[in-house]
Amino acid sequence: SAVISQKPSRDICQRGTSLTIQCQVDSQVTMMFWYRQQPGQSLTLIATANQGSEATYESGFVIDKFPISRPNLTFSTLTVSNMSPEDSSIYLCSVNRAGDEQFFGPGTRLTVL
Amino acid sequence: AQRVTQPEKLLSVFKGAPVELKCNYSYSGSPELFWYVQYSRQRLQLLLRHISRESIKGFTADLNKGETSFHLKKPFAQEEDSAMYYCASRGAGGYQKVTFGTGTKLQVIP
């Protein structure tokens, strides 16, 4: 299994500011994923982050809005830039290993005022 | 593209009654199918996956390729089964993204 921690667990931010969410895994993983879960909705993949290369973004998500770093095999950050109330959501970090299940972090609950 | 459909947003059953949470998928290859569960105030966790063919907490799910379905079933619902259930698919090969359905909230009435 993989143990994933996220910081912060929650935050309340002002419109126009940025927040960086950290994800730490207890073992090395090739791929890390960032998901968003808006209130009352399912999980939507934002991007896939590989160590040593640029993140791959899903349709509707762009690097300028959600820059991602992946400096090593156990850590990644997601920044939510120039926030608006529509960005209020739970942001989840996730990892998988080939043939293994997908593990999820506890999530970061973001509220934008 | 992968797509997972869960037609029911909410399913309410009485304790002891059978449960069936519906899931249909569309995928051009041979996907892996999963059911995830999220209990109140807890993180998302894997309930079961089709390749393991096991029963977890009394739940089973059979992959029906003809109907492209992966319905989750339990013969007798328990109160502790109340949670959000998400059906999900992943392309074969492991290093693929997981696509989630919209989720079904299961409410077991005592």
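The values are calculated or read from the model by the stated rules, or taken from the named source; none is laboratory data. No experiment lies behind these values; they were computed from the predicted model shown. Using ideal geometry, Cβ is built from the backbone for each residue, glycine included, and neighbour counts are taken over all protein chains shown. Accessible surface is based on the protein model in full, side chains and every heavy atom, while ligands, DNA and RNA are left aside. Shrake-Rupley method; radii C 1.70, N 1.55, O 1.52, S 1.80 Å.
Of note:
- Ellipsoid equivalent to chain B - semi-axes via the Cα gyration tensor, in Å: 23, 14, 13
- Contact order, relative form, for region B:3-105: 38 percent (alpha carbon pairs under 8 Å, 6 or more residues apart, mean separation divided by residue count).
- Cα-based radius of gyration of the protein assembly as shown once divided by 2.2 N^0.38 Å, which approximates compact folds: 1.03
- Cysteines not pairable in the protein assembly as shown (beta carbon separation under 4.7 Å absent): A:Cys13
- Chains B and A together, accessible area buried on both sides, 1.4 angstrom probe, square angstrom: 1600
- Karplus 3J(HN,Hα) series, Hz, for region B:100-108 with 6.51 cos²θ - 1.76 cosθ + 1.60 (x for Gly, Pro): 9, x, 7, x, 10, 8, 9, 10, 9
- Solvent-accessible area, 1.4 Å probe, carbon plus sulfur percent, for the protein assembly as shown: 49
- Relative contact order computed over region A:4-112 (Cα-Cα under 8 Å; 6+ residues apart), in percent: 37
- Each residue of chain A gets 96 Å³ once the volume of the Cα convex hull is shared out per residue.
- Volume per residue for region B:46-110 equals 102 cubic angstrom (convex hull of Cα atoms).
- The mean number of partner chain beta-carbon atoms within 10 angstrom of a residue's beta-carbon across peptide B:25-38 is 1.
- Pairs over the 28 Å Cα-Cα cut-off, from the set B:Lys65/B:Lys97; A:Lys7/B:Lys97; A:Lys7/B:Lys22: A:Lys7/B:Lys22.
- Using 0.36 nm per residue and subtracting the Cα-Cα separation, the extra length available between B:Ser12 and B:His50 on full extension is 11.2 nm.
- Solvent exposure, largest accessible area first (probe 1.4 Å, DNA, RNA and ligands not counted), of A:Arg109, A:Arg10, A:Arg36: A:Arg10, A:Arg109, A:Arg36
- A simple spin-label model places pseudo-atoms 7 Å from Cα toward Cβ; at B:Phe76 and B:Thr60 they are separated by 1.6 nm.
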